[in-house]
Amino acid sequence: MGKTLCRALGLLILTFFSVLTILLWIGQIQNALLTIEPNWSTYYLGESVSFRCDMNEGEDNDWEYQINRKSQDHFPYNSHKSYTLEPLYKTEFQCCGRRRIFNKTKCSNTVFVTVSVNKPRATLR
């Protein structure tokens with residue numbers, strides 16, 4: 001009876017660690033997400049857009065965030081997950097996060113921003 005109990009307990013512990021490993025692995029594949037507010041198709045000169053970077057893993061203060069403007073410049077890592085910028089032209093943005101404790105880095109989807117010089121004007125008829 002003692003051997004059966006030990007085997008059952010061993011199987012229970014093995015099952016627990018297998019499920020825990022799977023849950024941790026699933027958590028590792030969650031992608032970062034970059035969202036913009038307001039979410040418009042076109043922005044006009046002088047308007048601003050706010051970018052929010054969500055790592056979908058751990059606590060917000062576990063991460064340092066960086067917004068990248070594709071093929072141009074990278075804003076330095078800092079503790080703010082939101083940035084407000086005045087876009088100047090059509091460009092692509094992506095955010096990356098660096099987890100402080102594990103020195104892990106992951107990047108988000110790409111968001112396209114279009115900026116127009118000419119604001120639409122209302123006409124009275």
> When the residues of region 96-114 are filtered to those that are open to solvent by less than 50 Å² (accessible area, probe 1.4 Å) and among the charged types (D, E, K, R), which remaining residue is nearest to the chain's Cα centre (by Cα)?
Replying inline: 106
> Within region 40-92, which residues are outside any strand (DSSP E or B), at pLDDT 85 or above and more than 18 Å from the chain's Cα centre (by Cα)?
Replying inline: 40, 42, 47, 48
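Answer with yes or no whether residue 30 is at pLDDT below 65 and assigned to a loop (DSSP other than H, G, I, E, B).
So residue 30 fits the description; yes.
The values are calculated or read from the model by the stated rules, or taken from the named source; none is laboratory data. Keep in mind the model is a prediction, meaning the values are calculated, not measured. Surface areas here come from the heavy atoms of the whole protein model, side chains and all, with no ligands, DNA or RNA. Shrake-Rupley method; radii C 1.70, N 1.55, O 1.52, S 1.80 Å.
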